[in-house]
Structures are given as C-alpha cells and as structure tokens.
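Handing you a structure now.
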Amino acid sequence: MNFSVVQRGETLVAGTVLRSPALAVEGSRRKRVEEVWQRTLARTLPGYPATAYVDHAPELNSYLTHIAGYRCHSVSDVVPGDVLARIPAGNFARFVRNGDNLGDTIAALWRSVWDAEAEGELVRAYTGDFERYPDANTVEVFVALADKQAVK
C-alpha cells in the first residue's frame, strides 16, 4: 500500500474550470491543463495552488469538472470570476510523490491511485478529490474514500 488514510475537513478550491470526461494527465488534455496552470500561476493567488475534481459522472466513470486554482479558507477568498468547488469532509487516501517534472509526477501519482483502486486496496467515494503542491517538485493527492474505510 503506497498511501495513508487520513481524515480531512471540508476543502474549498477556487479557480478556472476545465470540463473533461477524463482526468487530463496525458495527451492534448494535459497540454490544456498546463496552459491553464501557466495563466493561473502568473496571477496573485489568495491561497496555495490546488486542484479539485468534482461532479462525478458514473456513466463515464470520471469527474466532469476539474478546477485548477488555489485553496480557499472561506468563500470570501474567491477572486471574482473564479469558480468555487467544495469537497466534503471525510476519510481520504493520501498519495505523495516527488519528481523533477510536475506534470509527469502528477500522471504517475494518478496511475498509482487507479492501480490501488483496481487492486481493491481502496474504495473511492467520488465525492471530490483534491491535489496540492507543497513545493515545485511535490504533489499530494487526496482521494475521497467510501465510508467503510477508516483512518488507520
């Protein structure tokens, strides 16, 4: 098991909305995400950079809404024109990875999430997932877990 189970409070992330039927970690969708991040990071952000994945579509087995932006502590942190996502409190699988290329690191980390799910190591709740970037080379992904999985 290459993750830990943690309990988190509600998480708010605001920023630019990317609509996608799949997590954009490769190909042309990844290029679009990288372009949005370049514009986002060129702005003064009221919170640290973060990503939210919300609006799960079971028929596609994917999230439809990907928000590239920043962590908020309250609604008053949202910059006019940005969209706010709310990820409910709960238990999350926390995955962490370091690498020289953040895009490649994110893609590898999500492959680890999908592998853990396929191997039955975790059961996802699909209530919202969250990424944060503690530094230029580190990614933390928090994947919402079904209620039956407890903090260890």
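The values are calculated or read from the model by the stated rules, or taken from the named source; none is laboratory data. Computed from a predicted structure; not experimentally measured. Positions of Cβ are generated from backbone atoms using ideal geometry, with glycine treated the same way; all protein chains shown enter the neighbour counts. These accessible areas exclude ligands, DNA and RNA; they are computed on the full protein's heavy atoms, side chains included. Shrake-Rupley method; radii C 1.70, N 1.55, O 1.52, S 1.80 Å.
Please identify, among S62, S76, S112, the residue showing maximal mean-square fluctuation in a Gaussian network model of the chain using a 10 angstrom Cα cutoff.
Result for the chain, Cα springs under 10 Å: S76 fluctuates most.
Based on the Cβ-Cβ distance from V123 to R86, what FRET efficiency comes out when R0 is 35 Å, to the nearest 0.05?
0.95
Looking at region 75-130, which chymotrypsin sites (Phe, Trp or Tyr not before Pro) are in a loop (DSSP not H, G, I, E or B) and have at most 10 other Cβ atoms within 10 Å?
Working: sites: F92, F95, W110, W114, Y126, F130; in loops: Y126.
Passing sites in region 75-130 do not exist.
Hey, what number do you get for the chain at 222 nm if only DSSP H runs of n ≥ 4 count, each worth -39500 (n - 2.57), divided across all residues, to the nearest 500?
Details: 2 runs with 32 residues, N = 152.
Taken over the chain, the calculation gives -7000 deg cm²/dmol.
Extending each Cα 7 Å along its Cβ direction at H73 and N98, get the distance between those two points in nm, one decimal.
2.8
Does anything in region 54-81 have its amide N under 19 Å from the 7 Å Cα→Cβ label point of E35, and if so which residues?
65-69, by backbone N distance to the label point.
Quick one: helix 27-41 against the long Cα principal axis of the chain, what's the angle to the nearest 10°, folded into 0 to 90?
In the chain, helix 27-41 runs at an angle near 50 degrees to the longest axis.
Could you list the GluC sites (Glu not before Pro) in region 49-139 that lie in coil according to DSSP, counting only those with at most 16 other Cβ atoms within 10 Å of their Cβ?
E59, E119, E121
Report the calculated FRET efficiency for R111 and A42 (r = Cβ-Cβ distance, R0 = 30 Å), to the nearest 0.05. Spell out each step's value before the answer.
Details: r = 29 Å, r/R0 = 0.96.
For R111 and A42, the calculated efficiency is 0.55.
Follow-up question, since we're still on this one. Just the number, please: carbon plus sulfur as a percent of the accessible area of region 60-136, 1.4 Å probe, no ligands or DNA/RNA counted.
In region 60-136, the share of accessible area belonging to carbon and sulfur is 50 percent.
Cut-off 10 angstrom, C-alpha nodes, Gaussian network model of the chain. Which of R132, R32, R86 fluctuates the most?
R32
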